[in-house]
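Peer 1: Got a structure here, written out as C-alpha cells. Questions coming.
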Amino acid sequence: MAGELAFDIAPAIVALPFASFLVALALGNYMPKKGASAGIAATAGSLVLSLFALVTVAGGSTYQQDLFTWSAAEEVPLHFGIFIDPLSAMMLVIVSLIALLVHVFSLGYMNDEGETGLPRYYSELGLFTFSMLAFVMADNLLMAFMFFELVGLCSYLLIGFWFRQDGPPSAAKKAFLVTRFGDYFFLIGVVGIVATFGTARFVSTDGQTAFPVLAEEALVEGGHGVTTFLGFGPEAWFSILGLLVLGGVIGKSAQFPLHTWLPDAMEGPTPVSALIHAATMVAAGVYLVARMYGFYALLPTVLAIIALTGGFTALFAATMGVVKREIKQVLAYSTISQYGYMMLALGGGGYVAATFHLMTHAFFKALLFLGAGSVIIAMHHNEDMWDMGGLKNRMPVTYYTFLAGSLALAGIVPFAGFWSKDEVLYEVLVHGLGSAGTTGTMLLAAYAMGLVAVLFTGFYTFRMVFLTFHGEPRTETARDPEPVRWNVKVPLVVLGALATVAGVVNMVPVEKVLGIKGIDYLHQFLDPESELVTNLTAHHYGEVLHDVSGYTADATAFGSESVTVLVSAGLSLGLALAGVGLAYALYGRSPTPEEHTDKLGGLKTLWYNNYYQDEYQVWLASGLTLPLAKVADRFDQGIIDGVVNGVGRTSLTGGSYVKRIQTGIVTNYAALLALGLVALLLIVGVTGGWFA
Amino acid sequence: MMDGTIEALIAVTLVGSLVVMAGSDRYAAKLATAWSLIPLVGSLGMWATYDATGNALLGGETAFTSRETWLGLGPLPDIEWFVGIDGISMPLVVLTTVLVTLALVSAWTPIDERQSQFYGLVLFLEAGLLGVFTALDFFVWFVFWEAVLVPMYFLIGVWGGPRRKYAAIKMFVYTNIASLVMFVGYTALVFGLGDAVSTFAMPETAEALVVENVQPDALAFVGAETLKVAAFAAMFAGFAVKVPVVPVHTWLPDAHVEAPTPVSVLLAGVLLKMGTYALLRFNFTMLPDVARANMPIIAAFAVISIIYGAMLALAQTDLKRIVAYSSVSSMGYVILGLAAYTLYGVGGATFQMISHGLISGLMFMAVGVIYNTTHTRMVTDMSGMASKMPYTVGILIAGAFGYMGLPLMSGFAAEFYVFLGAFQAGAFDVANYNLMPAFTAVAMFGIVIVAGYLLFAMQRTLFGEFSLETDYEVGRAPLHDIAPLAVLLVLIIALGSQPEIFFEMIREASGPVADLVGGGA
C-alpha cells in the first residue's frame, strides 16, 4: 500500500506529459526539434515510472489516493484521485510506450518532412498523452469521464492538425460530434450513477464504498444506500445506467453505429493515427468497460448487448476492409473490427481475454500504422496501394516489421495476435455453450460473427501486404522510394519484436493442452491478492458473472477441455490461414495483380461506400436537424418576434390617438378631470355597494 | 448599523463614472480602466475578508451589512437602506468587477467616438449592477434594478450598429414592462402579508412566507388562495424577460447584434444574471411551495429554452447571433437547476451564472476582436482566420470548447452540478418530481447541439484557406485586445479545475434554499 516509492511518484506519470504540453506550446519554436525533445523526454520519463509502477504492482501492491476535492458537498462529494492496480498499471505502460515511440517516429514523419506548426503538434501530443494517462489512472467514473472528453478534444485538434486544408477540419469535426453524441448518453450515465449510488468511485476506500460493490450488494442482498429512479427496480435501473455509459464506449471505441468518424480520422498525421488507434482515443472505450467490469458483470442483458455489438462490429468492419484502396483505410477498418473483438470478449465473460487483446492490439496496430507511415514517407504521401507494389526489397526493415504486425493482426500462430484473439473466441464459445437460455444463444451468435470475421481479417490484411510490398512496382515512386531514417526504423523494430513475442505473457492454450501450470501470467497478474481490490480481480468478476448473471463456462462440450481448446484454436487459425491463402492466390502469386474484388459487383459498391452509414448520419445532421433549426428560426423571427413587434406597433398607433387629448387647453383638462372623478366614484360606488 | 464597505464600493464607482464623463475623450479609456481597478481590487478584498454564513434571506449572517430605516411610510412597510453579501452574491459581485474591467479594455479598439461618455456610462452601469447584487431591501434593490437599464439603453442606442435605435428601444420597453409586472406582483404579495411584515426588507418577507408560513390576505380582486400563485407568475414573467426564457427572449439577439462588443460582454456576462439572481432570491426562495407545485411547468420552460435556444443558434450565420442564442440555451440550465431544489441544483445554477458570465464574455470578446479587423461577422464571409490571427483564434477555440462543456473548464462543472442536482430531485417524495431525471436527460441533449453549431461555425470561419469578403487588411490583434481574452480563459480553467474557489461559498448559501423543498441531497 502506501509508502511504495513507485506509487508516491506516480502523479509524475501524468505530470510529465502535461509539462511537455506547456513547454512545447510556449517555447517549442526556440527548441531543437521544435518541441519534440520535450515530448520524448516526458514520455520516456512516464514510461520508466509506469514500468516501475507495473513491477511494484506485480509484487502484489495496489494504490489508491485522493488528490484533490472537486466538490466538497457533504452528501455527495466529488474528487480526483489516482488508482493503480494491475489493469491500470498495464495500460499506463502501453500508453506511455506507444506515446514515446510515436514521438520518436514523428521526428521522421513531421520534422524530416519539413512540416510547419510543429510546436502546436508536439504540445497537442503531450496534452493527448497526459489526458489518456490521467483517464487510465482515474479512481472514479466522473474523473474518467472528464479525461475521456479531453482525449476527444485532443483527437479533434490532432485530426484537424492540417487546418489549412478542407478535409482535416471536417474530419475532426465529425470525430468530435459523433463521439459527443455517444458521450451524451455517457454523461447521463455518470449523472445517474452518482445520483443512484452517491459516489462514482471504482474502488472502495475507508470512507466510501465503490459503486460496483454497492450495485452488487443491492442485487445480491437487496441492499441499501441505493436510490433508483423513474420507478425502475434495481436490476432494470442498473441495466439502463450500464447501457447509457456504453453509449460513450460505442462512440469512442468506434463500434457500430457510431464507428463512422474513425475512417475519416485518417486525415490526421499518421503518427497520430497510430496513437489514436492503438493506445488512446479508441482504446479508452474498451478500457472503461474493463475498468468498471464489476458493474457490467452484474448485468446479463447489457453483457449480451456488448457481445452482440462487438461481434457484429468485428464482422461488419472486416467486410469493408476487404475492398479499400488506401493503406490507412484498410487499417482503419481493421481497428474498428479488432475493438469489436474486445467488446465481444467483455460481453462474453472474457475479461482477461479482452485486456490481453487490448494489449497485443496496441502493439501490432501501432506497428502497422507506423509501418504505413514509413511507406507513406517513401511514397511521397501517396496512400493508394495500387500505386505501390514491390516495396519489399527496397525497404526491408519496414517490410519485415509490417509483416510481423500483419501476421499478428491476421491471428497466425505464434504471433501475439493469435493468442489473444484465440482466447477471446474461446471464452465466448465456452460461455455460449455453457450458459442457459437466451444468454447462451446470443453469445453463440456473437461468437459466430466473430469467427467469420477471422476469415475476412486474414484476407484483407494480406491483400494489403501483397499489394504494398510484393509484385512489381506499379509507379515510378514505388520503384524509387524515399529512404527513411533511424527515427522511423527504431520504433518499428521495437513494436515488431513486441508484436511477435508478446503472446508469451498468456499462452493459455499451451497450458491447458500440455498441462504446463503457471504460464498464464496475465491471468495471475490480473488476479492480485491485495485487500484494496478484492472486488476488482478477474477471479471476482468470474464469480459475479456466474452467480449473478448466470454465465457458465462449459469447456467439455467437445469432450475434454483440451479438445475444446484445440477445436476453438483450430477453427480460428484455419479460417485465418484460409483468408491469407486466398489473398495470396488473388494478389500474391502474380507480380502484377488485378483488383479481384471488382468481381463482387454490387457487394463491392456497398462495402466501398461503407454500407451507406455516412450518408444517413450526414442526413441526420444536415438533412434533418439543420432544416429543423431553420424552421425554428423562421418561427422565432416571424411568429414570436412578430407578436412582440405587433404589440409594440399597436401601442405606438394607440399612443398617437391618445396623445390628441393633450390639447394644452386648460378647460379641456378640467373637464377630463371632472369626468374622471365621476367615473371613479361610480366604479367605487358600484363595487363598494353604495347603491345597494 | 452601517458597515460602509458596500456603500464605498458603489460610491467610488459612481464617482468614477462622473469623473470620466466630465473628462476629455483623449484619456477616457485609460482613466476609466484604471478607475475600474478600484472596485475590482475592493471586491477582491471583500472576498478575502468575507465571513458570511448561510443564505441572506433565510436567516444567514451576511457580510458587510448595513441596515438603517430610510423612509417611514406610516401604515405601509418601511423602506430601509439594507445591503449585505452572502455566498450567492459574493461571486456575482466579483464577476461584475472583473468583467467590467476586461470589457473596458476590450473597448479600446472599437470605441472611437464620444469616449468619455461611453466609458462613464459603463462605470455607471457597474455601480447599478453592484447595487442589484448587494441590496436586501426591495425598494433599494428595485432602484438599482431600474438604474441599470438607463446606461444600457444609451450604450446600445448611441454606440450600436445600424439598427441600434430599434434594438435599444425594444430592449428598454420590453424589460421595463417586465419590471412593472414584476413590481406589481411583488408589492401585492407584500401588502397581502399585512402586519406580518413591517419593512420591505427581503429577508423579512422571506421569513414571513417560508418560516412563519403566513398566508397572504386577499387583495382587491385577487383571492387569498391565488395571491401567491399570481405573485409568483407575475414575478416569474418579469424576471424571465431578463434571463431570457423562451418565449420572451426576442429582444436579446437584436440587442446583442447591435451592441458594441464591450456592451455585449456586460449584457450577456452580467445583466442576464440579474434575471436568474432575482428568480432565485424572490420566486424560488420566497415562494417554494408555488415553485414546487408548478415544477413541471418551470422545468418545461427550462428545457424549451435549452433545446429551442440551441436550435436557433444552429440556424444563425452571424457569429454574434450564434453566441447570443446560445446564451438563451445556457441560461436555461440555470432555471433547470433552480427548479430542482437540490444542493447541486441550486448551487450549480448559481455556479452556472458565474461560469456563463466568463465564457460568454470570452466568446463575445473574441468575436469582437475578429470583427475589429474583418468588419464582418458573417460565417459565410470568411474562412481560414486561424492562419491570420493565431492567438485570437486559439483562445476562441478554447472558449468554444468551454461553451461546449469541456471538462476542467468552468462550464462543465456548472452543467454537471445542474444535471446532477436535477437528476437527484427525482428521488424526492414530492408529486411530479419523479419526472426530473427525464427532464434532465432531455435538457442534456443541449450539449450535443452546442457542439454542433460551434464546430460548424469554427470549421467554416477559422479553418481552410484564408479568404475574406470585405476589403480590410487582416492582421494580428494588438496585445490589449488579446490580454482580456487570455485572462478570461485562465479564470475559466481555474474555476473548472478548482470549482471550490466559488462553489464552497455558493453551497453555503444555496443549501438553505434547497432545504425548502427536498433537502440538501
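Peer 1: Over all distinct alpha-carbon pairs, what is the Kirkwood Rh of chain A in angstrom?
Peer 2: Working: mean 1/r = 0.0368 Å⁻¹.
Value: 27.2 Å, from the Cα pair sum.
Peer 1: Here's something else I'd like to know. Amide H neighbours of B:T199 under 5 Å, at least 5 residues apart or on other chains, H built in the peptide plane: list them.
Peer 2: So B:T199 has HN proximity to B:D78.
Peer 1: Next question. Using the basic label-point model (7 angstrom from Cα toward the beta carbon), what is the A:A26 to A:T227 distance in nanometres?
Peer 2: Going by the 7 Å Cα→Cβ label model, 4.4 nm.
Peer 1: While we're here: Can you give the mean number of other chain Cβ atoms that lie within 10 Å of the Cβ atoms in peptide B:415-422?
Peer 2: Whole-number average of other-chain Cβ neighbours for B:415-422 is 5.
Peer 1: Take the cross-link list A:K173/A:K328; A:K173/B:K320; A:K252/A:K421; A:K173/A:K489 and give me the ones stretching past 31 Å between alpha-carbons.
Peer 2: Distance filter (> 31 Å) returns A:K173/A:K489.
Peer 1: Which whole-angstrom value gives the distance between the alpha carbon centres of segment A:177-253 and segment B:137-181?
Peer 2: If you average the Cα positions of each part, the centres end up 47 Å apart.
Peer 1: Also, quick follow-up: Taking the alpha-carbon distance from B:K165 and a cut-off under 16 Å, which aspartates and glutamates remain once sequence neighbours fewer than 8 residues away in the same chain are dropped?
Peer 2: Answer for B:K165, where 16 Å is the Cα cut-off: B:D254, B:E258, listed by chain and number.
Peer 1: Compare the peptides A:228-238, A:265-275 by average per-residue count of other Cβ atoms within 10 angstrom and give them in order, highest first.
Peer 2: The peptides rank, most packed first, as A:265-275, A:228-238.
Peer 1: Separate question: Provide the per-residue ³J(HN,Hα) series for segment A:65-75, in order, calculated from phi with Karplus coefficients 6.51, -1.76, 1.60 and θ = phi - 60°, each as a whole number of Hz, with x at glycine and proline positions.
Peer 2: Along segment A:65-75, the couplings run 8, 6, 9, 7, 8, 9, 8, 8, 3, 4, 6 Hz.
Peer 1: Separate question: Under a point-charge model restricted to the Cβ atoms of Lys and Arg (+1) and Asp and Glu (-1), what is the dipole moment magnitude of the protein assembly as shown relative to its Cα centre, in debye to the nearest 20?
Peer 2: Approximately 3320 debye in magnitude.
Peer 1: Enumerate the amide H contacts of A:N140 below 5 Å, restricted to partners 5 or more residues apart or on another chain; note that Pro and chain-start residues carry no placed amide H.
Peer 2: A:G81, A:F202
Peer 1: Once you keep just the Cα pairs under 8 angstrom separated by 6 or more residues, what percentage relative contact order results for chain B?
Peer 2: 16 percent
Peer 1: A follow-up question, please. Can you give me the Cα centroid spacing of segment B:340-358 and segment A:513-577 in angstrom?
Peer 2: 49 Å
Peer 1: Could you list which residues have their amide H under 5 Å from that of B:G87, counting only those 5 or more apart in sequence or on another chain, with H placed in the peptide plane?
Peer 2: Answer set, sorted by chain and number: B:A56, B:A509.
Peer 1: Can you list the HN-Hα couplings for segment B:172-183, worked out from phi with the Karplus curve (6.51, -1.76, 1.60; θ = phi - 60°), rounded to whole Hz and with x for Gly and Pro?
Peer 2: 5, 5, 4, 6, 6, 4, 4, 4, 4, 4, 4, 4
Peer 1: Quick one: if you take sqrt(5λ) for each eigenvalue of the C-alpha gyration tensor of the protein assembly as shown, what semi-axes come out, biggest first, whole angstrom?
Peer 2: With the √(5λ) rule applied to the protein assembly as shown, the semi-axes are 60, 34, 27 Å.
Peer 1: Per-residue mean of other chain beta-carbon atoms within 10 angstrom of the beta-carbon, peptide A:625-632?
Peer 2: Shielding by partners across A:625-632 averages 5.
Peer 1: Looking at segment A:1-139, I'd like the Rg to Rh ratio, where Rg is from alpha-carbon atoms and Rh is Kirkwood's inverse mean 1/r.
Peer 2: 1.05
Peer 1: Also, I was wondering about something else. Compute the Cα gyration tensor for segment B:375-507, then decide on rounded, prolate or oblate, letting a ≥ b ≥ c be the square roots of its eigenvalues: rounded whenever a/c is under 1.5, prolate when a/b is larger than b/c in the other cases, and oblate in all that remain.
Peer 2: Verdict is oblate for segment B:375-507.
Peer 1: In sequence order, what are the phi-derived ³J(HN,Hα) couplings for segment A:49-64 according to the Karplus relation 6.51 cos²θ - 1.76 cosθ + 1.60 with θ = phi - 60°, rounded to whole Hz, with x for glycine and proline?
Peer 2: Per-residue couplings from phi come out as 5, 5, 4, 4, 5, 4, 4, 5, 5, 4, x, x, 9, 9, 8, 9 Hz.
Peer 1: Average the reciprocal distances over every distinct pair of alpha-carbons in segment B:5-514, invert the result, and give the Kirkwood radius in Å.
Peer 2: Roughly 22.8 Å, rounded to one decimal.
Peer 1: Using the Cα gyration tensor of segment A:266-322, with a ≥ b ≥ c the square roots of its eigenvalues, what is the shape: rounded (a/c below 1.5), prolate (a/b larger than b/c) or oblate (neither)?
Peer 2: Oblate is the answer for segment A:266-322, as a/c is 1.5 or above yet b/c matches or exceeds a/b.
Peer 1: A:K599: which lysines have alpha carbons under 17 Å from its alpha carbon, excluding same-chain residues fewer than 8 sequence positions away?
Peer 2: Counting by Cα, and skipping residues close in sequence, A:K599 has these lysines nearby: A:K324.
Peer 1: What relative contact order, as a whole-number percentage, does chain A give when Cα pairs under 8 Å and 6 or more residues apart are counted?
Peer 2: Taking the mean separation of contacting Cα pairs over the length of chain A, I get 12 percent.
Peer 1: Further question on the same structure: In peptide B:461-474, what is the residue-averaged number of other protein chain Cβ atoms found within 10 Å of each Cβ?
Peer 2: Working: counts 0, 3, 11, 8, 3, 1, 0, 0, 0, 0, 0, 0, 0, 0.
Average neighbour count from other chains, rounded to a whole number: 2.
Peer 1: So, in Å, what gap is there between the alpha-carbon centers of segment B:23-78 and segment A:407-485?
Peer 2: Segment B:23-78 and segment A:407-485 have Cα centres separated by 69 Å.
None of the figures in this text is laboratory data; all of them are computed from the coordinates on show. All of these numbers come straight from a predicted model, not from anything done at the bench. Cβ atoms come from the backbone with ideal geometry, glycine included; neighbour counts cover every protein chain shown.
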